[in-house]
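What follows is one structure encoded as C-alpha cells, with my remarks underneath.
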Amino acid sequence: MDKRHADLAPLSGVDDGPGLIVTRRRDCPADHFIDWHRHQRAQLLYAVNGVMQVTAPAGIWIVPPQRAVWIPPGTPHHVRAQGGPLSLRSVYVHPDVPGLPETCSVVTVSPLMRELILEAMDIGDGFDPTGPEGRLVQVLLDRIRELPVAPLHLPMVADPRLKRIADTLLAEPDDPRTLDDWAALAGASARTLARAFIADTGMTFGQWRQQARLLAALARLAQGDSVTTVALDLGYASQSAFIAMFRRALGRTPGRYFAEG
C-alpha cells in the first residue's frame with residue numbers, strides 16, 4: 001500500500017460482523033467529496049443516480065449510469081460526485097468469499113444486477129443464509145463474480161516528470177501540447193517522456209490523453225451536455241471526429257451508449 005494511505009482506518013460499521021454481505025445507502029450533494037478511506041470488505045459501489053469519480057493509488061475510474069465500481073478489500077480510495085448529486089448503493093462483501101474479482105474496475109450493471117443490488121439494500125446484516133434472503137445473496141455473489149469490465153480506467157503516473165503533464169490534462173483535457181512541447185518544460189527529451197509514459201501506465205502518451213478525454217466526456221455527457229459541446233470543449237475538430245473516437249473506445253456512439261444505459 002502507498003505510504004500516504006498506510007494509516008487509513010477502515011470505514012466504520014461495514015466491517016463488523018461475520019455476514020457475507022453488508023449493505024448501505026448514501027445520498028451526496030453535487031460535487032460532494034468522500035475523503036480517502038478503506039475497508040476490510042470488498043465493495044460494489046453503484047450510483048442509482050449521478051456520475052462518480054473513484055480514485056485509488058492505481059488510477060482513476062469514471063462511473064457513468066448503469067455501471068458500478070468494484071473495489072477489492074483494503075484498497076484506499078476516494079469518491080467524488082461529478083457535477084450533480086449522487087444516490088449511492090454499496091454492497092460490502094466479506095473478504096473470505098471465494099472467486100471475487102481481484103482488481104479495481106468499472107463493471108457493467110445489467111437490469112437484473114441492478115434489481116439484485118436494490119433488493120439487497122433491504123436485507124439486514126443478520127439475515128438467514130438458508131432462507132430467501134440468503135438465496136438472493138448467493139445469486140448476487142454469483143453475478144458479481146461474472147461482472148463484465150468496462151474500459152473506463154485511467155492509470156496514474158508515478159514519474160514526477162509526468163505528473164505536471166497528467167495533472168494539466170486532467171484539469172484541461174483539451175490542452176493540445178505534444179510531447180515535444182512538454183519536453184521543453186519537463187527537462188527531458190520527448191523520447192524519454194514517451195518511454196516513461198509506457199513504463200508507468202502501459203499506454204503511449206497519445207493513448208493516455210485520449211483516455212483522459214474519454215472519461216471527461218463520459219462525465220459531461222452523463223450530466224446532459226450535448227455531444228457537439230463536449231467534442232469542441234475537449235479539443236476535437238468536429239463532432240464526427242469525437243463520435244469516431246468514442247465508438248472505437250466503447251463500441252457504440254454516445255447516443256447508443258447512454259440509451260442502452
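The values are calculated or read from the model by the stated rules, or taken from the named source; none is laboratory data. Please read all numbers here as calculations on a predicted model, not as lab measurements. All Cβ positions, glycine included, derive from the backbone under ideal geometry; neighbour counts span all protein chains shown.
Within the range 39-56, the set of residues being of a type outside the set (A, V, I, L, M) and in contact with a His (Cβ under 7 Å, 6 or more places away or on another chain) comprises 41, 55. Please verify whether residue 161 is touching a Ser or Thr at 6+ places or on another chain (Cβ under 9 Å), more than 30 Å from residue 25 (Cβ to Cβ) and not in a helix (DSSP H, G or I), treating the condition exactly as stated. So residue 161 fails the test. Restricting attention to the range 118-129, does a residue exist that is in contact with a strand residue (DSSP E or B) (Cβ under 6 Å, 6 or more places away or on another chain) and of a type in the set (Phe, Trp, Tyr)? Scanning the range 118-129, I find no residue that is in contact with a strand residue (DSSP E or B) (Cβ under 6 Å, 6 or more places away or on another chain) and of a type in the set (Phe, Trp, Tyr), so the answer is no. Candidates in the range 18-32 are the residues that are of a type outside the set (D, E, K, R) and not in a strand (DSSP E or B); of these, the one that is nearest to residue 138 (Cα to Cα) is 20. The single condition among (1) surrounded by 13 or more Cβ atoms within 10 Å (Cβ to Cβ); (2) within 23 Å of residue 64 (Cβ to Cβ); (3) free of Cβ contacts under 8 Å to residues at least 40 places away in the same chain; (4) not β-branched (Val, Ile, Thr) that residue 111 does not meet is (1). Can you confirm whether residue 131 is under 22 Å from residue 212 (Cβ atoms), of a type in the set (Gly, Ala, Ser) and surrounded by fewer than 20 Cβ atoms within 10 Å (Cβ to Cβ)? When the stated conditions are applied, residue 131 does not pass them. Taken over the range 209-238, the criterion of being more than 14 Å from residue 172 (Cβ to Cβ) and touching a Pro at 6+ places or on another chain (Cβ under 7 Å) is satisfied by 218, 221, 222, 227.
In the range 33-72, which residues are in a strand (DSSP E or B), over 26 Å from residue 167 (Cα atoms) and not aliphatic (A, V, I, L, M)? Scanning the range 33-72 gives 43, 46, 49.
Screening the range 90-107 for residues that are surrounded by 15 or more Cβ atoms within 10 Å (Cβ to Cβ) and polar (S, T, N, Q) and picking the one that is farthest from residue 151 (Cα to Cα) gives 90. Going through (1) more than 27 Å from residue 109 (Cα to Cα); (2) touching a residue at least 24 places away in the same chain (Cβ under 8 Å); (3) crowded, with 18+ Cβ neighbours inside 10 Å one by one, residue 176 falls short only on (3).
The set of residues in the range 123-149 being in contact with a helix residue (DSSP H, G or I) (Cβ under 9 Å, 6 or more places away or on another chain) and either of a type in the set (Ser, Thr, Tyr) or free of Cβ contacts under 8 Å to residues at least 60 places away in the same chain (or both) consists of 124, 128, 133, 136, 139, 143.
Residue selection: residue 194 fails the criterion of being modelled with pLDDT under 95 and at negative phi.
Residues in the range 228-251 that are in a loop (DSSP other than H, G, I, E, B) and either surrounded by 18 or more Cβ atoms within 10 Å (Cβ to Cβ) or at negative phi (or both): 234, 236, 237, 238.
The set of residues in the range 48-76 that are more than 9 Å from the chain's Cα centre (by Cα), of a type in the set (Val, Ile, Thr) and crowded, with 18+ Cβ neighbours inside 10 Å comprises 51, 71, 75. When 202, 206 are checked against the criterion of being in contact (Cβ under 8 Å) with a residue 24 or more places away in the chain and either surrounded by 14 or more Cβ atoms within 10 Å (Cβ to Cβ) or not assigned by TED's automatic domain parsing to the domain that holds residue 84 (or both), a single residue qualifies: 202.
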